[in-house]
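Q: Structure incoming, see below.
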Amino acid sequence: MQKLFYKDPYIQRFTTTLVRHSQDESGKWYAVLEQTAFYPEGGGQPYDTGSLNDQNVIEVQEINGEIRHYLEHPLPGTSEVKGIIDWDRRYDHMQQHAGQHLLSAAFEELFSYKTKSFHLGKEVSTIDLDTNELTEKEVLEAEALVNKIILENRMIETKWVTKEELTNYPLRKELSVSENIRLVIIPDFDYNGCGGTHPHSTGGVASLKILALEKQKNMIRVSFVAGSRVLKQLHAKQQVVSKLSALLNAPQNGMEEAVTRILGQSKEQAKELKEMKEKLLEYEAAALSSQKEVVSGRTLIKSVLQNKEMAELQSMARKLVSANDDINVFLFAENGGKLQFVGARGSNSNLDMRSVAKKVFVFINGRGGGKENFVQGGGETTLTGEEVLEKITHLLSND
């Protein structure tokens with residue numbers, strides 16, 4: 001099969017002969033052609049899409065030496081096939097792939113950081129660098145060098161060589177093949193074995209922007225965009241900035257100060273709210289202290305509260321037992337179909353709260369845990385909080 005994408009990566013339409021039309025093991029239809037401009041998935045570059053005789057090509061794979069063009073529907077009976085490449089998708093891949101070559105070469109040229117892997121994503125691409133640390137200064141230097149080479153519009157050459165001829169080229173990494181070796185060369189900058197498609201010159205990449213860094217085990221993952229994706233990223237970010245600028249009532253260069261001011265106010269308000277909640281819990285705990293009852297010689301405080309968080313129940317229980325050494329506290333919160341439970345005892349009580357909790361969790365199909373003096377958990381509202389409290393009272397009455 002003649003691979004037209006190697007003859008000229010800018011071929012967008014072609015006419016050829018159908019060699020074979022078949023289904024794979026899963027029943028998907030595919031066509032094998034005498035020649036093709038469709039690039040199959042490989043070397044980090046995704047496959048091309050497009051059409052064959054107006055039938056959508058949804059995937060292209062090279063399997064057992066043949067390129068299979070997977071189709072939504074079988075081709076009508078014909079030997080002549082007209083292929084059309086989804087050019088926007090293909091050229092985007094060419095820009096990202098060439099951008100990766102430039103970025104990897106820049107990091108190695110400037111700092112000797114080798115690229116261990118490359119992923120060409122739908123929106124963002126990544127390279128993994130063999131280093132534990134990458135500074136902002138290094139990122140900016142590498143990015144500047146890449147864009148300098150792009151503006152110089154250097155040729156991107158491809159060449160088929162033999163294994164013996166490799167000694168004539170300063171390759172940046174070892175090759176994974178020993179025959180059918182294809183080099184992609186940016187003279188005096190990058191020499192690499194690669195089976196992908198690229199623009200004819202670095203100017204075709206247009207521009208490159210590094211977006212983010214992420215630590216990955218012993219490597220640094222660098223996320224980037226190239227070509228038309230740079231403008232898409234800029235447009236998306238500009239929309240966000242414009243909306244935030246309006247919300248903050250601040251110009252772009254004053255947004256950081258505005259956000260800092262708002263965050264400061266928010267923290268102060270959160271602190272005040274926490275203090276107010278704490279005072280409210282103290283009042284509620286004090287009110288509950290007056291509602292003691294004695295069951296089988298034990299002093300109990302019981303209550304069902306609405307829409308309380310677990311932390312609030314725990315705080316109230318601690319306040320109650322710290323003020324009453326002989327008290328036993330049982331608090332429930334009903335929160336939208338869920339029950340939360342806290343049990344606590346004072347220092348002079350010998351009631352095993354874990355024993356009580358095990359029975360409570362059976363009643364409400366729940367789970368939880370704790371110690372002899374303090375337990376917490378939650379479950380379903382198979383019973384109301386009041387009904388569970390009645391069962392607890394009954395248990396203690398017969399204890």
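Q: Sort the following peptides by mean Cβ neighbour count (other Cβ atoms within 10 Å, averaged over residues), highest first: 121-131, 221-231.
A: Sorting 121-131, 221-231 by mean packing, highest first, produces 221-231, 121-131.
Q: Would you work out the relative contact order for the stretch 2-85, in percent, from Cα pairs under 8 angstrom that are 6 or more residues apart?
A: Result for the stretch 2-85 is 33 percent.
Q: Considering Cα pairs under 8 angstrom that are at least six residues apart, work out the relative contact order of the chain and quote it in whole percent.
A: Once divided by the residue count of the chain, the mean separation gives 9 percent.
Q: On to the next question. Under a cut-off of 16 Å between alpha-carbon atoms, report the lysines in cross-link reach of Lys302, not counting same-chain residues fewer than 8 places apart.
A: Lys292, Lys319, Lys391
Q: Give the order of Met316, Met276, Met1 when sorted by the count of other beta carbons within 10 angstrom, beginning with the fewest.
A: Met276, Met1, Met316
Q: Moving to a separate point now. Nearest-5 percent of antiparallel DSSP beta bridges in the stretch 255-331?
A: Looking only at bridges with both residues in the stretch 255-331, the antiparallel portion is about 40 percent.
Q: Rg/Rh for the stretch 261-396 to two decimals, with Rh computed the Kirkwood way over all alpha-carbon pairs.
A: Answer for the stretch 261-396: 1.02.
Q: To the nearest 500 deg cm²/dmol, what mean residue ellipticity at 222 nm is calculated for the chain from DSSP H runs of n ≥ 4 alone, each contributing -39,500 (n - 2.57), summed and divided by the residues?
A: Only helices count here, giving -11500 deg cm²/dmol.
Q: What are the extents of the Cα atoms of the stretch 158-253 along their three principal axes, in Å, largest first?
A: Over the stretch 158-253, Cα extents along the principal axes are 66, 35, 21 Å.
Q: Peptides 364-370, 325-331, 263-269: what's the order by average Cβ count within 10 Å, highest mean first?
A: Ranked by mean Cβ neighbours within 10 Å, highest first: 325-331, 364-370, 263-269.
Q: Now a separate question. Determine the shape class of the stretch 2-85: with a ≥ b ≥ c the square roots of the Cα gyration tensor eigenvalues, call it rounded for a/c under 1.5, and otherwise prolate if a/b is greater than b/c, oblate otherwise.
A: Taking the square roots of the gyration eigenvalues as a ≥ b ≥ c, the stretch 2-85 is oblate.
Q: Give the order of Phe5, Phe332, Phe374 when sorted by the count of other beta carbons within 10 angstrom, beginning with the fewest.
A: So the residues, fewest neighbours to most, are Phe374, Phe5, Phe332.
Q: With the cut-off at 36 Å, report for the chain the share of all Cα pairs above it, as a whole percent.
A: 56
Q: Turning to a different aspect of this structure: How do Ile85, Ile11 line up, fewest other C-beta atoms within 10 Å first?
A: Ile11, Ile85
None of the figures in this text is laboratory data; all of them are computed from the coordinates on show. Only a predicted model underlies this, so the values are computations on that prediction, with no experimental measurement involved. Cβ atoms come from the backbone with ideal geometry, glycine included; neighbour counts cover every protein chain shown.
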